[in-house]
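Colleague: My structure is below; once you've seen it, I'll send some questions.
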Amino acid sequence: MTLLPLSDYLGDSAALCDAVVRLRGSALVAELGRIASAVMASPHGLFLPAASAAAATSAAPPAPFPRDTPALLQEISFDGHCFGHYSVAGRPVYNDADRRHLASLASLTAGVLQVHSLAQRSTHAYAQVEALLAQQTQILDQLHESVLTMDLTGYITSWNKGAERLFGYTSVEAVGRNILFLYDDEDTGFHDAFLEQGGRLMEVRRRKKSGEIFWASLSLSPLQDLDGKPIGLIAYLTDITERKLAEERLHHLAYYDPLTSLPNRTLLAKLVDQALSVAQRSKMLGCVLFIDLNRFKLINDTLGRRIGDELLRQVSLRFRQALRDQDLVARLGGDEFAVGLFDIGQHFEASMVSQKLLASLVEPFLIEGHDLRVGASIGISVYPQDGQDAETLLRLADIAMYRAKQDSGGEAESVAFYSQDMNLGMQARMRLETGLRQALSEQQLLLHYQPKYALGSGRIIGAEALVRWHHPQHGMIPPAEFIPLAESTGLVVQVGEWVLEAACAQAQAWKQAGLPPIRLAVNVSAREFTAALPARVAATLARYGLEAAWLELEITESTLMHNIERVIGIMDRITALGVALSLDDFGTGYSSLSYLKRFPIDTLKIDRSFTTGIPTDASDCAIASTIISIAQQLHHKVIAEGVETAEQLAFLKSSGCDEVQGYLFSRPLPAVEFEKALRQNWGL
């Protein structure tokens, strides 16, 4: 036998693989037979598929071989599976080497056919999977609901047609991006409970490609692998914007007054009860104000409902503007309103709010050419002494409102507490507040001057200007009564402006009388200490032709502890004018020494609460000595107020105090008496 060269053998092997991959049926049978004939150098070669080989005998060569022709038959099998047989014939004789050679070809052929069979089955299975996925994709795309999947870090892995319709992004634009780009400033965290349990249903706000924000119902379910481990989330979203808008409309109709858009009685009761729970925990007071408009019925009956409705709308706007953001205001119906106050420390603050509400109605309402004026009667109930719930407080405030209306005859503005004791105190306070406003406009205020003495020389070196109120019926009103009222009502600003003006006017008179400059100390409240203060001081000095040496401003510690940099800037502008600054009540507040050294202060003032215990109280002595020591180290003068005994004076003098004021030397004096004392002290 003549064996084929190696190159021919490799070529036939390649031809075998190519035939199995490309050919089918009879073409494959013929090509495999040709390859067998070539490999075995035989005139005849056949490939008998498994069905044909079953009918063949072991030695008899099947047609078309000539009879009595020697032949070889070799089974083609792999791992127990028979693909057929090779049969070759036409040579005179075949030996064992030929049989081994044909067996090798059969083994190679079986391996190629096995691999090809597996590949066909895999291709078929893949095609089936692809078809199934295509069907599932079609099903998902036909759903109106948007469905998307994401991995554990929130990156989108699939996006159906419903999601495209809902958000406006195609799957190409969305897949691969993090889900956060669809959010509308919401919580962006993924919680383990979502991934482990799924089924979380919520209502969320999302953003479309157009930028439109919409409401969606979102259901999250876990996406798991074959082992049941979470690998992501499946999100189902449905647009519920219309439903949410309808709910909001229903909520507004149920809880808000359609005319004024204020909360109605139902919502007010809910909010008041919630606020009372907070007030109970924080030990705060609460007040409910019941407001009934005066003269509204006459306007409504005379000019018609349209104008009456517009008047109610404008009244509601003024009430809202007069109140703080945290205060509640509601329309109960008709011309009745209610206000809830809960962030308050004392009940009398409710009377101050009542006055603000009444003041908001003073200006006329201009409606369709009509100049309309209305007032109000206000009843107040207080939590917890009057009631523990909203309905009780509203009912009692309503009773107090009728009492107020009866007391005023139903026309004048009036306020009444449900409690008679509170009523008496509130009425006295209101009378005092009204009187103080009149005092400012009717020249009932005056200044007294308490001399300040230099301990070294015993000379008067200045005076503190102290405001006094001379009431035409009640005589002198103690400062302890009206100064706290002025601070709580904001009138302290007007009082402070009047004091500065009056002190400078008096200084001008003394200057013209030939007296040398002395510093008149004017107290400045925290409300006055604004960026406008330096300009006001400069303008006042210029108006009266005064040098800055005539004026000193006294500021309390508490004024300095709010926005330090702003305060220092204002102080620098004042001292640039040449006006001295004194820190009043030093030691009673909470000044930081690190800030104190930065303040452009001329004098520290020891509060009378420390002076009183000198020299018997060791603590007061220690505090006074410390303040004097601090002042000396910072190169400030120090003055002690409230000096009333020789023992106090001796201690302060030995401790290095520079100046004193108090009843030991002089009480506050009217201008004429102070001028007389000044002339005597100076020998003028």
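Colleague: In whole Hz and in residue order, list the ³J(HN,Hα) couplings for segment 335-349 that follow from phi through the Karplus curve 6.51 cos²θ - 1.76 cosθ + 1.60, θ = phi - 60°; x for Gly and Pro.
Modeller: Listing the rounded values in order: 10, 10, 10, 9, 10, x, 10, 9, 8, 10, x, 9, 5, 5, 4 Hz.
Colleague: Which residues make up the longest stretch of the chain clear of GluC sites (Glu not before Pro) that lie in a DSSP loop with no more than 16 other Cβ atoms within 10 Å, not counting the sites?
Modeller: 213-367
Colleague: Then there's this: On a 0 to 90 degree scale, rounded to 10, what angle separates helix 305-322 from the longest Cα axis of the chain?
Modeller: 80 degrees
Colleague: Another question, then. Direction-averaged shadow area of the convex hull around the Cα atoms of segment 218-329, nm²?
Modeller: For segment 218-329, the mean projected area of the Cα convex hull comes to 12.8 nm².
Colleague: Could you give the length gained on full extension between Phe181 and His370, defined as 0.36 nm per residue of separation minus the Cα-Cα distance, in nm?
Modeller: 62.5 nm
Colleague: Can you compute the FRET efficiency between Ala576 and Glu501 using 1/(1 + (r/R0)^6), with r the Cβ-Cβ distance and R0 = 22 Å? Round to the nearest 0.05.
Modeller: 0.55
Colleague: Another question, if that's okay. Once amide H atoms are placed 1.01 Å from N in the peptide plane, what residues at a sequence separation of 5 or more from Asn160, or on another chain, have their amide H within under 5 Å of its amide H?
Modeller: Excluding prolines and chain starts, which carry no amide H, the hits are Val147.
Colleague: Please give the charge dipole size of the chain, origin at the Cα centre, charges +1 on K and R Cβ atoms and -1 on D and E Cβ atoms. Round to the nearest 20 debye.
Modeller: Computed about the Cα centre, the dipole is about 800 debye.
Colleague: Taking 35 Å as R0, compute the FRET efficiency from the Cβ-Cβ separation of Lys209 and Arg121 and round it to 0.05.
Modeller: E between Lys209 and Arg121, to the nearest 0.05, is 0.20.
Colleague: Between helix 564-576 and the chain, what is the angle of the helix's C-alpha long axis to the longest principal axis, kept within 0 to 90° and rounded to the nearest 10?
Modeller: Computed tilt is about 40 degrees.
Colleague: Let me ask something else. Multiply the residue gap between Ser441 and Asp79 by 0.36 nm, knock off their C-alpha separation, and tell me the result in nm, one decimal place.
Modeller: Full extension of this stretch gives 118.5 nm more.
Colleague: What is the percent carbon and sulfur in the accessible area of the chain, measuring with a 1.4 Å probe over the protein chains and ignoring ligands?
Modeller: The value for the chain is 55 percent carbon and sulfur by accessible area.
Colleague: Another one. If the viscosity is 0.890 mPa s and the temperature 25 °C, what Stokes-Einstein diffusion coefficient in µm²/s follows for segment 233-299 when Rh is the Kirkwood radius over Cα pairs?
Modeller: Reported coefficient: 155 µm²/s.
Colleague: Evaluate E = 1/(1 + (r/R0)^6) for Leu152 and Gln680, where r is the Cβ-Cβ distance and R0 equals 56 Å; express this FRET efficiency to the nearest 0.05.
Modeller: 0.05
Colleague: Still on this structure, I have one more. Averaged per residue, what accessible area in Å² does the chain show with a 1.4 Å probe, protein chains only?
Modeller: Each residue of the chain exposes 50 Å² on average to a 1.4 Å probe.
Colleague: Still on this structure: Of all beta bridges DSSP finds with both residues in the chain, what is the antiparallel percent, to the nearest 5?
Modeller: 75 percent
Colleague: Which angle from 0 to 90°, rounded to the nearest 10, does the C-alpha axis of helix 6-22 make with the longest principal axis of the chain?
Modeller: With rounding to tens, the tilt is 60 degrees.
Colleague: A further question on this structure: For segment 473-577, what mean projected area does the convex hull of the alpha carbons give, in nm²?
Modeller: Spelled out: convex hull of the Cα atoms, projected over all directions, averaged, 7.9 nm².
Colleague: Sort all Cα-Cα distances of segment 567-669 into consecutive 10 angstrom bins from zero, then give the percent of pairs in each bin up to the one containing the longest distance.
Modeller: Over segment 567-669, the share of Cα pairs per 10 Å bin runs 15, 47, 28, 10, 0 percent.
Colleague: Would you list the P(r) distribution for segment 449-509, with all Cα-Cα distances sorted into 10 Å bins from 0 and each bin expressed as a whole %?
Modeller: For segment 449-509, the binned pair fractions read 19, 39, 31, 11, 1 percent.
Colleague: When only Cα pairs under 8 Å and 6 or more residues apart are kept, what is the percent relative contact order across the chain?
Modeller: Reported relative contact order: 6 percent.
Colleague: Which value results for Rg/Rh of segment 313-410 when Rg is the Cα radius of gyration and Rh the Kirkwood radius based on the inverse mean 1/r?
Modeller: Radius of gyration over Kirkwood radius for segment 313-410 works out to 0.97.
Colleague: Based on Cα coordinates alone, diagonalise the gyration tensor for segment 286-358, multiply each eigenvalue by 5, take square roots, and list the semi-axes in whole Å, largest first.
Modeller: For segment 286-358, the ellipsoid semi-axes come out as 26, 11, 9 Å.
Colleague: Can you pull out the trypsin sites (Lys or Arg not before Pro) in segment 281-356 that DSSP calls coil and that have at most 14 other Cβ atoms within 10 Å?
Modeller: Of the trypsin sites (Lys or Arg not before Pro), the ones in loops of segment 281-356 whose Cβ has at most 14 other Cβ atoms within 10 Å are Lys283, Arg324.
Colleague: Can you pull out the chymotrypsin sites (Phe, Trp or Tyr not before Pro) in segment 586-684 whose DSSP state is coil and whose Cβ has at most 11 other Cβ atoms within 10 Å?
Modeller: Answer by residue number: Tyr590.
Colleague: Oh, and also: Report the full-extension gain for the segment Gln314 to Leu634: residue separation times 0.36 nm, less the Cα-Cα distance, to one decimal in nm.
Modeller: Result for the pair: 109.5 nm of gain on full extension.
Colleague: With equal scatterers on the alpha carbons only and no solvent term, can you work out the Debye log10 of I(q)/I(0) for the chain at 0.08 1/Å?
Modeller: -0.92
Colleague: Suppose each label sits 7 Å from its Cα in the direction of the beta carbon; what would the Asp301-Gln224 distance come out to in nanometres?
Modeller: 7.6 nm
Colleague: Going through the cross-link list Lys653/Lys676; Lys511/Lys597; Lys209/Lys244, which pairs have a Cα-Cα distance over 32 Å in this structure?
Modeller: Listed pairs above 32 Å: Lys511/Lys597.
Colleague: For segment 331-471, take the alpha-carbon Rg, divide it by the Kirkwood Rh, and send me Rg/Rh.
Modeller: A ratio of 1.18.
The values are calculated or read from the model by the stated rules, or taken from the named source; none is laboratory data. Keep in mind that this is a model prediction, so the values were computed, not measured. Glycine gets a Cβ as well: all are built from the backbone with ideal geometry, and neighbour counts include every protein chain shown. For accessibility, only protein heavy atoms count, side chains too; no ligands or nucleic acids. Shrake-Rupley method; radii C 1.70, N 1.55, O 1.52, S 1.80 Å.
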